[in-house]
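This report refers to the structure that appears directly beneath it.
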Number of protein chains: 2
Amino acid sequence: MKTLLQPLLRKLETTFALSNDELAALHALPIKVGEFAKGEQLVGEGDRPIHSFAIQSGLTCMYKNSSTGRRQILIFHFPGDFPDLQSLHINVLDMSIAAMARTKVTFVKHQDIRMMYARYPRLGEALWRMSLVDAAILRERMLNLGQRKAFERISHFFCEMVVRSKLAELMVDDTVPMPLTQQEIGDALGLSNVHVNRITQELKEKKLMEVRRGRLHVLNWKQLRAAADFDATYLHLTPAQKLLLDR
Amino acid sequence: MKTLLQPLLRKLETTFALSNDELAALHALPIKVGEFAKGEQLVGEGDRPIHSFAIQSGLTCMYKNSSTGRRQILIFHFPGDFPDLQSLHINVLDMSIAAMARTKVTFVKHQDIRMMYARYPRLGEALWRMSLVDAAILRERMLNLGQRKAFERISHFFCEMVVRSKLAELMVDDTVPMPLTQQEIGDALGLSNVHVNRITQELKEKKLMEVRRGRLHVLNWKQLRAAADFDATYLHLTPAQKLLLDR
DNA sequence: CGATCACTTGAATAGTCTCAAAGCCCGTGG
DNA sequence: CCACGGGCTTTGAGACTATTCAAGTGATCG
(Lines give C-alpha, C1' and ligand atoms only; values in the text may rest on other atoms or scores of the structure.)
Protein backbone atom coordinates (compact mmCIF):
# COMPACT_ATOMS: atom_id res chain seq x y z
CA MET A 1 0.00 0.00 0.00
CA LYS A 2 2.57 2.45 1.12
CA THR A 3 4.68 1.87 -1.94
CA LEU A 4 1.95 2.82 -4.39
CA LEU A 5 2.60 6.51 -4.07
CA GLN A 6 6.33 6.00 -3.72
CA PRO A 7 7.50 7.78 -6.89
CA LEU A 8 5.25 10.74 -6.08
CA LEU A 9 6.48 10.99 -2.52
CA ARG A 10 10.07 10.88 -3.67
CA LYS A 11 9.37 13.70 -6.06
CA LEU A 12 7.59 15.82 -3.47
CA GLU A 13 10.42 15.38 -1.01
CA THR A 14 12.95 16.74 -3.44
CA THR A 15 11.37 20.19 -3.24
CA PHE A 16 10.71 20.31 0.47
CA ALA A 17 10.93 18.09 3.51
CA LEU A 18 7.54 16.66 4.39
CA SER A 19 6.53 16.65 8.04
CA ASN A 20 5.37 13.44 9.62
CA ASP A 21 1.81 14.69 9.62
CA GLU A 22 1.96 15.58 5.97
CA LEU A 23 3.44 12.21 5.13
CA ALA A 24 0.70 10.55 7.12
CA ALA A 25 -1.93 12.57 5.26
CA LEU A 26 -0.50 11.47 1.95
CA HIS A 27 -0.42 7.87 3.02
CA ALA A 28 -3.96 8.12 4.27
CA LEU A 29 -5.24 9.13 0.82
CA PRO A 30 -7.69 6.55 -0.48
CA ILE A 31 -6.33 5.36 -3.80
CA LYS A 32 -7.24 3.03 -6.58
CA VAL A 33 -4.76 1.34 -8.86
CA GLY A 34 -5.02 1.24 -12.64
CA GLU A 35 -2.94 -0.45 -15.29
CA PHE A 36 -2.89 0.47 -18.96
CA ALA A 37 -1.39 -1.05 -22.08
CA LYS A 38 0.55 1.00 -24.62
CA GLY A 39 -1.84 3.10 -26.64
CA GLU A 40 -4.71 3.04 -24.16
CA GLN A 41 -6.31 6.35 -23.32
CA LEU A 42 -6.56 7.27 -19.65
CA VAL A 43 -8.73 10.35 -20.00
CA GLY A 44 -9.99 12.26 -23.00
CA GLU A 45 -10.93 15.69 -24.22
CA GLY A 46 -14.39 16.60 -22.96
CA ASP A 47 -14.22 14.35 -19.90
CA ARG A 48 -15.10 15.68 -16.46
CA PRO A 49 -12.93 13.50 -14.26
CA ILE A 50 -13.52 13.13 -10.55
CA HIS A 51 -10.07 11.62 -10.07
CA SER A 52 -6.55 12.69 -10.77
CA PHE A 53 -3.76 10.16 -10.96
CA ALA A 54 -0.09 9.84 -10.21
CA ILE A 55 2.15 7.68 -12.35
CA GLN A 56 3.69 4.76 -10.62
CA SER A 57 5.56 3.22 -13.52
CA GLY A 58 5.58 3.58 -17.28
CA LEU A 59 5.09 6.64 -19.48
CA THR A 60 2.08 8.69 -20.53
CA CYS A 61 1.60 11.50 -22.98
CA MET A 62 -0.79 14.42 -23.01
CA TYR A 63 -2.03 15.28 -26.50
CA LYS A 64 -4.55 17.20 -28.56
CA ASN A 65 -5.95 16.52 -31.99
CA SER A 66 -6.62 19.08 -34.65
CA SER A 67 -9.85 18.80 -36.60
CA THR A 68 -7.87 17.49 -39.56
CA GLY A 69 -6.88 14.48 -37.52
CA ARG A 70 -3.32 15.49 -36.77
CA ARG A 71 -2.06 14.87 -33.27
CA GLN A 72 0.20 17.08 -31.22
CA ILE A 73 1.80 15.41 -28.23
CA LEU A 74 2.25 18.16 -25.65
CA ILE A 75 4.21 16.59 -22.85
CA PHE A 76 5.20 13.21 -21.47
CA HIS A 77 4.87 12.17 -17.86
CA PHE A 78 7.13 9.91 -15.85
CA PRO A 79 6.76 7.97 -12.62
CA GLY A 80 6.15 10.45 -9.81
CA ASP A 81 4.37 12.92 -12.08
CA PHE A 82 0.77 13.97 -11.59
CA PRO A 83 -0.38 14.55 -15.18
CA ASP A 84 -3.94 15.53 -14.67
CA LEU A 85 -3.79 18.03 -11.84
CA GLN A 86 -5.61 20.61 -13.88
CA SER A 87 -8.88 18.74 -13.58
CA LEU A 88 -8.81 19.62 -9.88
CA HIS A 89 -9.80 23.16 -10.77
CA ILE A 90 -11.05 23.06 -14.34
CA ASN A 91 -14.06 20.87 -14.94
CA VAL A 92 -13.82 19.96 -18.58
CA LEU A 93 -10.64 18.51 -20.04
CA ASP A 94 -9.24 20.22 -23.12
CA MET A 95 -6.76 17.44 -23.86
CA SER A 96 -6.30 13.71 -23.62
CA ILE A 97 -3.81 11.46 -21.89
CA ALA A 98 -2.69 8.08 -23.16
CA ALA A 99 -0.18 5.45 -22.09
CA MET A 100 2.94 5.26 -24.25
CA ALA A 101 4.11 2.05 -22.62
CA ARG A 102 2.64 -0.35 -20.10
CA THR A 103 1.77 2.04 -17.31
CA LYS A 104 0.59 1.76 -13.73
CA VAL A 105 -1.14 4.69 -12.10
CA THR A 106 -2.78 5.43 -8.77
CA PHE A 107 -6.06 7.29 -8.88
CA VAL A 108 -6.98 9.76 -6.15
CA LYS A 109 -10.37 11.43 -5.87
CA HIS A 110 -10.37 15.19 -6.29
CA GLN A 111 -12.45 15.43 -3.18
CA ASP A 112 -9.81 13.64 -1.14
CA ILE A 113 -7.01 15.80 -2.50
CA ARG A 114 -8.96 18.93 -1.64
CA MET A 115 -9.61 17.73 1.88
CA MET A 116 -5.96 16.91 2.26
CA TYR A 117 -4.68 20.30 1.30
CA ALA A 118 -7.40 22.13 3.20
CA ARG A 119 -5.82 20.55 6.24
CA TYR A 120 -2.18 20.82 5.06
CA PRO A 121 -1.88 23.86 2.82
CA ARG A 122 1.76 23.22 2.05
CA LEU A 123 0.72 20.08 0.22
CA GLY A 124 -1.60 22.16 -1.90
CA GLU A 125 1.24 24.48 -2.72
CA ALA A 126 3.41 21.52 -3.61
CA LEU A 127 0.81 20.33 -6.09
CA TRP A 128 0.37 23.82 -7.45
CA ARG A 129 4.10 24.01 -7.89
CA MET A 130 4.08 20.72 -9.80
CA SER A 131 1.54 22.08 -12.22
CA LEU A 132 3.69 25.17 -12.69
CA VAL A 133 6.75 23.11 -13.53
CA ASP A 134 4.67 21.27 -16.10
CA ALA A 135 3.78 24.62 -17.60
CA ALA A 136 7.47 25.51 -17.69
CA ILE A 137 8.14 22.33 -19.64
CA LEU A 138 5.39 23.26 -22.08
CA ARG A 139 7.02 26.64 -22.58
CA GLU A 140 10.41 25.19 -23.36
CA ARG A 141 8.86 22.71 -25.74
CA MET A 142 7.10 25.58 -27.42
CA LEU A 143 10.40 27.36 -27.95
CA ASN A 144 11.69 24.12 -29.37
CA LEU A 145 8.73 23.73 -31.69
CA GLY A 146 8.64 27.28 -32.91
CA GLN A 147 12.25 28.27 -33.24
CA ARG A 148 14.51 25.31 -33.73
CA LYS A 149 15.33 23.31 -36.83
CA ALA A 150 14.65 19.60 -36.86
CA PHE A 151 18.15 18.59 -35.84
CA GLU A 152 18.30 20.70 -32.68
CA ARG A 153 14.66 20.03 -32.03
CA ILE A 154 15.09 16.29 -31.93
CA SER A 155 18.32 16.55 -29.96
CA HIS A 156 16.57 18.76 -27.44
CA PHE A 157 13.74 16.33 -27.14
CA PHE A 158 16.07 13.44 -26.42
CA CYS A 159 17.96 15.54 -23.88
CA GLU A 160 14.76 16.20 -22.03
CA MET A 161 13.80 12.56 -22.08
CA VAL A 162 17.21 11.59 -20.75
CA VAL A 163 17.17 14.10 -17.91
CA ARG A 164 13.63 13.42 -16.84
CA SER A 165 14.21 9.67 -17.03
CA LYS A 166 17.26 10.09 -14.88
CA LEU A 167 15.29 12.06 -12.32
CA ALA A 168 12.78 9.23 -12.25
CA GLU A 169 15.68 6.86 -11.58
CA LEU A 170 15.27 5.08 -14.87
CA MET A 171 18.78 5.57 -16.17
CA VAL A 172 21.05 2.55 -16.31
CA ASP A 173 24.55 2.67 -17.79
CA ASP A 174 23.96 5.75 -19.91
CA THR A 175 20.71 4.35 -21.25
CA VAL A 176 17.09 5.24 -20.60
CA PRO A 177 13.87 3.57 -21.74
CA MET A 178 12.62 4.75 -25.14
CA PRO A 179 9.34 3.02 -25.91
CA LEU A 180 8.27 5.62 -28.48
CA THR A 181 8.04 4.98 -32.19
CA GLN A 182 9.49 7.53 -34.58
CA GLN A 183 5.94 8.40 -35.55
CA GLU A 184 5.17 9.27 -31.93
CA ILE A 185 8.32 11.34 -31.61
CA GLY A 186 7.25 13.14 -34.75
CA ASP A 187 3.84 13.84 -33.22
CA ALA A 188 5.58 15.41 -30.26
CA LEU A 189 7.86 17.57 -32.38
CA GLY A 190 5.68 18.56 -35.31
CA LEU A 191 7.78 16.51 -37.73
CA SER A 192 7.04 13.61 -40.05
CA ASN A 193 8.18 10.16 -39.07
CA VAL A 194 10.38 10.09 -42.15
CA HIS A 195 12.23 13.18 -41.08
CA VAL A 196 12.61 11.94 -37.52
CA ASN A 197 14.12 8.81 -38.96
CA ARG A 198 16.68 10.70 -41.00
CA ILE A 199 17.77 12.98 -38.19
CA THR A 200 17.95 10.12 -35.72
CA GLN A 201 20.33 8.39 -38.08
CA GLU A 202 22.39 11.52 -38.25
CA LEU A 203 22.63 11.60 -34.46
CA LYS A 204 23.84 8.03 -34.58
CA GLU A 205 26.42 8.72 -37.28
CA LYS A 206 27.75 11.63 -35.28
CA LYS A 207 27.98 9.31 -32.30
CA LEU A 208 25.85 11.51 -30.05
CA MET A 209 23.22 8.90 -29.24
CA GLU A 210 21.34 5.96 -30.63
CA VAL A 211 18.22 3.96 -29.96
CA ARG A 212 18.56 0.21 -29.67
CA ARG A 213 16.05 -2.35 -28.49
CA GLY A 214 13.74 0.07 -26.76
CA ARG A 215 16.44 2.03 -25.00
CA LEU A 216 18.13 5.31 -25.79
CA HIS A 217 21.91 5.09 -25.48
CA VAL A 218 23.73 8.32 -24.75
CA LEU A 219 27.07 8.20 -26.53
CA ASN A 220 28.27 11.76 -26.03
CA TRP A 221 26.21 13.71 -23.56
CA LYS A 222 28.21 16.90 -23.74
CA GLN A 223 27.96 17.19 -27.49
CA LEU A 224 24.33 16.15 -27.51
CA ARG A 225 23.47 18.92 -25.09
CA ALA A 226 25.44 21.40 -27.13
CA ALA A 227 23.76 20.36 -30.37
CA ALA A 228 20.39 20.75 -28.68
CA ASP A 229 20.98 24.14 -27.11
CA PHE A 230 19.77 22.33 -24.00
CA ASP A 231 19.72 24.17 -20.68
CA ALA A 232 17.91 22.37 -17.89
CA THR A 233 16.92 25.53 -16.03
CA TYR A 234 13.34 25.17 -17.16
CA LEU A 235 13.00 21.89 -15.27
CA HIS A 236 13.56 23.80 -12.02
CA LEU A 237 15.77 21.21 -10.41
CA THR A 238 17.04 21.35 -6.88
CA PRO A 239 20.79 21.78 -6.42
CA ALA A 240 21.04 18.11 -5.49
CA GLN A 241 19.33 17.09 -8.71
CA LYS A 242 21.63 19.30 -10.73
CA LEU A 243 24.63 17.58 -9.23
CA LEU A 244 23.14 14.23 -10.09
CA LEU A 245 22.88 15.25 -13.72
CA ASP A 246 26.50 16.02 -14.23
CA ARG A 247 27.54 12.60 -13.21
CA MET B 1 -7.36 52.84 -5.34
CA LYS B 2 -10.24 50.45 -5.65
CA THR B 3 -10.22 50.64 -9.41
CA LEU B 4 -6.64 49.52 -9.79
CA LEU B 5 -7.48 45.86 -9.50
CA GLN B 6 -10.74 46.29 -11.38
CA PRO B 7 -9.99 44.14 -14.43
CA LEU B 8 -8.67 41.36 -12.19
CA LEU B 9 -11.73 41.46 -9.96
CA ARG B 10 -14.00 41.30 -12.93
CA LYS B 11 -12.17 38.27 -14.20
CA LEU B 12 -12.24 36.51 -10.85
CA GLU B 13 -15.96 37.09 -10.50
CA THR B 14 -16.70 35.40 -13.78
CA THR B 15 -15.61 32.05 -12.35
CA PHE B 16 -17.18 32.32 -8.94
CA ALA B 17 -18.98 34.84 -6.79
CA LEU B 18 -16.67 36.49 -4.30
CA SER B 19 -17.91 36.92 -0.75
CA ASN B 20 -17.74 40.33 0.86
CA ASP B 21 -14.85 39.19 3.01
CA GLU B 22 -12.95 37.93 0.03
CA LEU B 23 -13.56 41.13 -1.85
CA ALA B 24 -12.38 43.09 1.14
CA ALA B 25 -9.24 40.98 1.35
CA LEU B 26 -8.50 41.67 -2.29
CA HIS B 27 -9.06 45.37 -1.85
CA ALA B 28 -6.86 45.35 1.21
CA LEU B 29 -3.91 44.03 -0.77
CA PRO B 30 -1.06 46.54 -0.70
CA ILE B 31 -0.26 47.32 -4.32
CA LYS B 32 2.14 49.37 -6.33
CA VAL B 33 1.43 50.73 -9.76
CA GLY B 34 3.80 50.44 -12.72
CA GLU B 35 3.65 51.76 -16.24
CA PHE B 36 5.66 50.48 -19.18
CA ALA B 37 6.25 51.60 -22.73
CA LYS B 38 6.03 49.25 -25.70
CA GLY B 39 9.08 47.04 -25.77
CA GLU B 40 10.02 47.45 -22.13
CA GLN B 41 10.76 44.30 -20.19
CA LEU B 42 8.85 43.78 -16.95
CA VAL B 43 10.74 40.75 -15.68
CA GLY B 44 13.41 38.58 -17.23
CA GLU B 45 14.78 35.06 -17.32
CA GLY B 46 16.87 34.41 -14.24
CA ASP B 47 15.08 36.97 -12.08
CA ARG B 48 13.81 36.01 -8.63
CA PRO B 49 10.84 38.35 -8.28
CA ILE B 50 9.25 39.13 -4.95
CA HIS B 51 6.17 40.57 -6.68
CA SER B 52 3.65 39.31 -9.13
CA PHE B 53 1.54 41.72 -11.14
CA ALA B 54 -1.91 42.00 -12.63
CA ILE B 55 -2.48 43.84 -15.88
CA GLN B 56 -4.64 46.87 -15.63
CA SER B 57 -4.46 48.05 -19.23
CA GLY B 58 -2.36 47.29 -22.27
CA LEU B 59 -0.81 44.05 -23.47
CA THR B 60 2.20 41.99 -22.41
CA CYS B 61 3.90 38.96 -23.86
CA MET B 62 5.78 36.13 -22.22
CA TYR B 63 8.73 34.95 -24.28
CA LYS B 64 11.90 32.91 -24.32
CA ASN B 65 15.04 33.26 -26.41
CA SER B 66 17.03 30.45 -27.93
CA SER B 67 20.80 30.62 -27.71
CA THR B 68 20.89 31.54 -31.39
CA GLY B 69 19.01 34.72 -30.60
CA ARG B 70 15.64 33.70 -31.90
CA ARG B 71 12.63 34.63 -29.84
CA GLN B 72 9.51 32.60 -29.20
CA ILE B 73 6.56 34.51 -27.85
CA LEU B 74 4.64 32.03 -25.71
CA ILE B 75 1.50 33.84 -24.69
CA PHE B 76 0.00 37.30 -24.48
CA HIS B 77 -1.73 38.74 -21.45
CA PHE B 78 -4.66 41.11 -21.33
CA PRO B 79 -6.14 43.39 -18.68
CA GLY B 80 -7.28 41.24 -15.78
CA ASP B 81 -4.63 38.60 -16.37
CA PHE B 82 -1.97 37.73 -13.82
CA PRO B 83 0.98 36.82 -16.03
CA ASP B 84 3.61 36.01 -13.49
CA LEU B 85 1.80 33.82 -11.01
CA GLN B 86 4.37 31.10 -11.37
CA SER B 87 6.95 33.10 -9.47
CA LEU B 88 4.76 32.61 -6.38
CA HIS B 89 5.96 29.02 -6.19
CA ILE B 90 9.01 28.79 -8.41
CA ASN B 91 11.91 31.00 -7.43
CA VAL B 92 13.80 31.52 -10.63
CA LEU B 93 12.06 32.71 -13.78
CA ASP B 94 12.60 30.63 -16.89
CA MET B 95 11.08 33.23 -19.20
CA SER B 96 10.69 36.96 -19.67
CA ILE B 97 7.73 39.29 -19.90
CA ALA B 98 7.63 42.49 -21.93
CA ALA B 99 5.05 45.12 -22.75
CA MET B 100 3.71 44.98 -26.30
CA ALA B 101 1.92 48.31 -25.97
CA ARG B 102 1.79 50.99 -23.33
CA THR B 103 0.83 48.94 -20.31
CA LYS B 104 -0.20 49.63 -16.74
CA VAL B 105 0.20 46.95 -14.11
CA THR B 106 -0.38 46.62 -10.38
CA PHE B 107 2.34 44.86 -8.42
CA VAL B 108 1.46 42.73 -5.42
CA LYS B 109 4.06 41.21 -3.11
CA HIS B 110 4.16 37.43 -3.05
CA GLN B 111 4.11 37.58 0.70
CA ASP B 112 0.83 39.50 0.67
CA ILE B 113 -0.76 37.11 -1.79
CA ARG B 114 0.25 34.16 0.36
CA MET B 115 -1.17 35.73 3.47
CA MET B 116 -4.36 36.47 1.62
CA TYR B 117 -5.00 32.96 0.46
CA ALA B 118 -3.88 31.44 3.75
CA ARG B 119 -6.87 33.28 5.17
CA TYR B 120 -9.19 32.78 2.19
CA PRO B 121 -8.27 29.49 0.51
CA ARG B 122 -10.80 29.94 -2.27
CA LEU B 123 -8.81 32.90 -3.50
CA GLY B 124 -5.76 30.68 -3.69
CA GLU B 125 -7.73 28.20 -5.73
CA ALA B 126 -8.92 30.98 -8.00
CA LEU B 127 -5.32 31.99 -8.68
CA TRP B 128 -4.31 28.38 -9.17
CA ARG B 129 -7.13 28.04 -11.65
CA MET B 130 -5.94 31.11 -13.52
CA SER B 131 -2.50 29.59 -13.93
CA LEU B 132 -4.12 26.39 -15.20
CA VAL B 133 -6.10 28.25 -17.83
CA ASP B 134 -2.87 29.87 -18.95
CA ALA B 135 -1.39 26.41 -19.33
CA ALA B 136 -4.41 25.39 -21.40
CA ILE B 137 -3.76 28.33 -23.71
CA LEU B 138 -0.15 27.26 -24.06
CA ARG B 139 -1.31 23.78 -25.02
CA GLU B 140 -3.63 25.03 -27.74
CA ARG B 141 -0.89 27.28 -29.06
CA MET B 142 1.41 24.31 -29.14
CA LEU B 143 -1.07 22.37 -31.25
CA ASN B 144 -1.22 25.41 -33.49
CA LEU B 145 2.54 25.64 -33.76
CA GLY B 146 3.20 21.99 -34.32
CA GLN B 147 0.37 20.84 -36.54
CA ARG B 148 -1.09 23.68 -38.54
CA LYS B 149 0.06 25.33 -41.74
CA ALA B 150 0.75 29.04 -41.77
CA PHE B 151 -2.67 30.04 -43.02
CA GLU B 152 -4.65 28.28 -40.31
CA ARG B 153 -2.00 29.12 -37.76
CA ILE B 154 -2.29 32.82 -38.34
CA SER B 155 -6.07 32.67 -38.53
CA HIS B 156 -6.15 30.79 -35.26
CA PHE B 157 -3.89 33.34 -33.65
CA PHE B 158 -6.13 36.20 -34.69
CA CYS B 159 -9.19 34.32 -33.47
CA GLU B 160 -7.63 33.95 -30.06
CA MET B 161 -6.70 37.60 -29.94
CA VAL B 162 -10.22 38.59 -30.88
CA VAL B 163 -11.89 36.40 -28.27
CA ARG B 164 -9.55 37.31 -25.46
CA SER B 165 -9.82 40.99 -26.33
CA LYS B 166 -13.56 40.70 -26.26
CA LEU B 167 -13.45 39.07 -22.85
CA ALA B 168 -11.34 41.98 -21.65
CA GLU B 169 -14.02 44.31 -23.01
CA LEU B 170 -11.76 45.77 -25.65
CA MET B 171 -13.92 45.02 -28.65
CA VAL B 172 -15.61 47.92 -30.37
CA ASP B 173 -17.64 47.53 -33.54
CA ASP B 174 -16.05 44.27 -34.63
CA THR B 175 -12.58 45.63 -34.03
CA VAL B 176 -9.99 44.92 -31.35
CA PRO B 177 -6.64 46.58 -30.63
CA MET B 178 -3.73 45.10 -32.57
CA PRO B 179 -0.54 46.82 -31.51
CA LEU B 180 1.71 44.00 -32.74
CA THR B 181 4.02 44.25 -35.71
CA GLN B 182 4.11 41.44 -38.22
CA GLN B 183 7.54 40.58 -36.91
CA GLU B 184 6.10 40.10 -33.43
CA ILE B 185 3.26 37.99 -34.75
CA GLY B 186 5.88 35.90 -36.51
CA ASP B 187 7.78 35.47 -33.25
CA ALA B 188 4.60 34.18 -31.66
CA LEU B 189 3.87 31.74 -34.47
CA GLY B 190 7.28 30.50 -35.50
CA LEU B 191 7.00 32.22 -38.88
CA SER B 192 9.05 34.86 -40.67
CA ASN B 193 7.68 38.38 -40.89
CA VAL B 194 7.62 38.05 -44.66
CA HIS B 195 5.38 35.03 -44.52
CA VAL B 196 3.10 36.63 -41.96
CA ASN B 197 2.77 39.55 -44.30
CA ARG B 198 1.77 37.38 -47.23
CA ILE B 199 -0.80 35.39 -45.33
CA THR B 200 -2.25 38.47 -43.71
CA GLN B 201 -2.82 39.90 -47.16
CA GLU B 202 -4.51 36.68 -48.15
CA LEU B 203 -6.87 37.00 -45.17
CA LYS B 204 -7.66 40.48 -46.32
CA GLU B 205 -8.27 39.44 -49.93
CA LYS B 206 -10.60 36.71 -48.73
CA LYS B 207 -12.42 39.33 -46.69
CA LEU B 208 -12.03 37.44 -43.42
CA MET B 209 -10.24 40.20 -41.53
CA GLU B 210 -7.80 43.03 -41.90
CA VAL B 211 -5.55 45.21 -39.78
CA ARG B 212 -5.85 48.96 -40.13
CA ARG B 213 -4.38 51.70 -37.98
CA GLY B 214 -3.58 49.54 -35.00
CA ARG B 215 -6.85 47.69 -34.92
CA LEU B 216 -7.90 44.29 -36.17
CA HIS B 217 -11.17 44.41 -38.10
CA VAL B 218 -13.19 41.23 -38.20
CA LEU B 219 -14.92 41.05 -41.57
CA ASN B 220 -16.31 37.53 -41.48
CA TRP B 221 -16.09 35.92 -38.09
CA LYS B 222 -17.74 32.67 -39.03
CA GLN B 223 -15.42 31.98 -41.92
CA LEU B 224 -12.39 33.14 -39.99
CA ARG B 225 -13.15 30.66 -37.23
CA ALA B 226 -13.71 27.92 -39.75
CA ALA B 227 -10.45 28.67 -41.54
CA ALA B 228 -8.65 28.57 -38.23
CA ASP B 229 -10.16 25.34 -36.92
CA PHE B 230 -10.85 27.50 -33.87
CA ASP B 231 -12.74 26.02 -30.95
CA ALA B 232 -12.78 28.16 -27.83
CA THR B 233 -13.13 25.25 -25.40
CA TYR B 234 -9.52 25.60 -24.33
CA LEU B 235 -10.23 29.07 -22.93
CA HIS B 236 -12.59 27.51 -20.38
CA LEU B 237 -15.22 30.18 -20.60
CA THR B 238 -18.26 30.37 -18.41
CA PRO B 239 -21.65 29.88 -20.11
CA ALA B 240 -22.25 33.61 -19.88
CA GLN B 241 -18.99 34.34 -21.66
CA LYS B 242 -19.80 31.86 -24.38
CA LEU B 243 -23.06 33.61 -25.02
CA LEU B 244 -21.24 36.90 -25.25
CA LEU B 245 -19.02 35.51 -27.97
CA ASP B 246 -21.74 34.57 -30.36
CA ARG B 247 -23.06 38.06 -30.49
C1' DC C 1 11.11 67.54 -44.15
C1' DG C 2 14.06 63.94 -43.11
C1' DA C 3 14.60 59.81 -40.58
C1' DT C 4 13.01 55.71 -38.96
C1' DC C 5 10.34 51.83 -38.69
C1' DA C 6 7.06 48.86 -40.61
C1' DC C 7 5.17 46.82 -44.56
C1' DT C 8 5.50 44.98 -49.31
C1' DT C 9 7.44 42.59 -53.28
C1' DG C 10 10.36 39.33 -55.90
C1' DA C 11 13.61 35.68 -56.58
C1' DA C 12 16.43 32.06 -55.11
C1' DT C 13 17.11 28.60 -51.65
C1' DA C 14 16.57 25.58 -47.75
C1' DG C 15 13.98 22.54 -45.03
C1' DT C 16 10.57 19.39 -44.56
C1' DC C 17 6.65 16.64 -46.32
C1' DT C 18 4.31 13.17 -48.98
C1' DC C 19 4.06 9.06 -51.27
C1' DA C 20 5.51 4.67 -52.23
C1' DA C 21 8.24 0.73 -51.91
C1' DA C 22 11.48 -2.19 -49.62
C1' DG C 23 13.76 -4.07 -45.56
C1' DC C 24 14.04 -5.37 -40.87
C1' DC C 25 12.69 -7.01 -36.41
C1' DC C 26 10.01 -9.45 -33.22
C1' DG C 27 6.32 -12.08 -31.55
C1' DT C 28 3.15 -15.77 -32.71
C1' DG C 29 1.51 -19.98 -34.07
C1' DG C 30 2.41 -24.08 -36.38
C1' DC D 1 12.69 -24.33 -34.60
C1' DC D 2 10.92 -22.19 -38.56
C1' DA D 3 7.73 -19.61 -41.30
C1' DC D 4 4.66 -15.96 -41.31
C1' DG D 5 2.64 -11.55 -40.45
C1' DG D 6 2.39 -7.00 -38.83
C1' DG D 7 4.32 -2.96 -37.41
C1' DC D 8 8.22 -0.11 -37.47
C1' DT D 9 12.17 1.65 -39.88
C1' DT D 10 14.65 2.85 -43.95
C1' DT D 11 15.33 4.74 -48.62
C1' DG D 12 14.46 7.58 -52.73
C1' DA D 13 12.27 11.05 -55.49
C1' DG D 14 9.51 14.86 -56.25
C1' DA D 15 6.59 18.52 -54.51
C1' DC D 16 5.60 22.08 -51.50
C1' DT D 17 5.98 25.39 -47.74
C1' DA D 18 8.34 28.76 -45.72
C1' DT D 19 12.92 31.21 -45.32
C1' DT D 20 16.39 34.43 -46.51
C1' DC D 21 18.08 38.28 -48.69
C1' DA D 22 17.61 42.50 -50.78
C1' DA D 23 15.41 46.32 -52.54
C1' DG D 24 11.60 49.40 -52.65
C1' DT D 25 7.36 51.62 -50.78
C1' DG D 26 4.60 53.73 -47.34
C1' DA D 27 3.47 55.79 -42.95
C1' DT D 28 4.52 58.25 -38.79
C1' DC D 29 6.83 61.41 -35.76
C1' DG D 30 9.72 64.88 -34.13
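The values are calculated or read from the model by the stated rules, or taken from the named source; none is laboratory data. Because the structure is predicted, anything quoted here is derived from the model rather than measured. Please note: Cβ atoms are built from the backbone with ideal geometry, for glycine as well, and neighbour counts cover all protein chains shown. The protein model used for the area step is the full one, side chains on, heavy atoms only, and it has no ligands, DNA or RNA in it. Shrake-Rupley method; radii C 1.70, N 1.55, O 1.52, S 1.80 Å.
Here are the numbers for the structure shown:
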read-out	value
For A:Thr14, solvent-accessible area (1.4 Å; no DNA, RNA or ligand), Å²	50
Neighbourhood charge, 14 Å Cβ-Cβ cut-off, centred on B:Gly44 and excluding it, Lys, Arg +1 and Asp, Glu -1	-2
Peptide B:122-133, shielding by other chains (average Cβ, 10 Å cutoff)	4
A:Thr68-B:Gln241 FRET efficiency (beta carbon distance; Förster radius 22 Å; 0.05 resolution)	0.25
Probe 1.4 Å, accessible area per residue of segment A:66-201, Å²	32
Across B:Lys149/B:Lys242; A:Lys64/A:Lys242; A:Lys149/A:Lys204; A:Lys11/A:Lys149; B:Lys166/B:Lys206; B:Lys11/B:Lys104, pairs whose alpha-carbon gap is larger than 21 Å	B:Lys149/B:Lys242; A:Lys64/A:Lys242; A:Lys11/A:Lys149; B:Lys166/B:Lys206
Chain B, relative contact order in percent, only Cα pairs under 8 angstrom and at least six apart counted	19
For the pair A and B, total buried accessible area rounded to nearest 100 Å², probe 1.4 Å	4100
Alpha-carbon gyration tensor eigenvalues x 5, square-rooted, for the protein assembly as shown, Å	34, 30, 21
Whether segment B:148-246 is rounded, prolate or oblate, judged on the alpha carbon gyration tensor where a/c under 1.5 counts as rounded	prolate
Those aspartates and glutamates that a straight Cα-Cα span of less than 14 Å connects to B:Lys207, excepting residues fewer than 8 apart in one chain	B:Asp174
Most to least packed among B:192-198, A:176-182, A:158-164 [average Cβ atoms within 10 Å]	A:158-164, A:176-182, B:192-198
Whole-angstrom gap from segment B:41-100 to segment A:41-95, using each part's C-alpha centre	26
Separation between Cα centres of segment B:173-206 and segment A:152-189, rounded to whole Å	35
Per-residue average of Cβ from other chains inside 10 Å of B:177-190	1
Acute angle (nearest 10 degrees) that the helix B:6-15 long axis makes with the longest principal axis of chain B, alpha-carbon atoms	90
Kirkwood estimate for chain B, i.e. one over the average of 1/r between Cα atoms, Å	18.8
Stokes-Einstein translational diffusion, segment B:52-185 - Kirkwood Rh over all Cα pairs, 1.306 mPa s, 10 °C, in µm²/s	98
Per-residue [θ]222 nm for the protein assembly as shown (sum of -39500 (n - 2.57) over DSSP H runs n ≥ 4, rounded to 500)	-14000 deg cm²/dmol
Average beta-carbon neighbours from other chains, 10 Å sphere, peptide A:64-75	5
Acute angle (nearest 10 degrees) that the helix B:150-167 long axis makes with the longest principal axis of chain B, alpha-carbon atoms	40
Local electrostatic count, B:Ile90, Cβ distance below 13 Å [Lys/Arg +1, Asp/Glu -1]	-3
Cβ-defined net charge surrounding B:Gly80, 11 Å radius [Lys, Arg +1; Asp, Glu -1]	0
In degrees, nearest ten, helix B:110-119 long axis to first principal axis of chain B (Cα)	70
Candidate aspartates and glutamates - alpha carbon under 17 Å from A:Lys32, same-chain residues fewer than 8 apart omitted	A:Asp81, A:Asp84, A:Asp112
Apportionment of accessible area to carbon and sulfur, segment B:106-158, percent (1.4 Å)	55
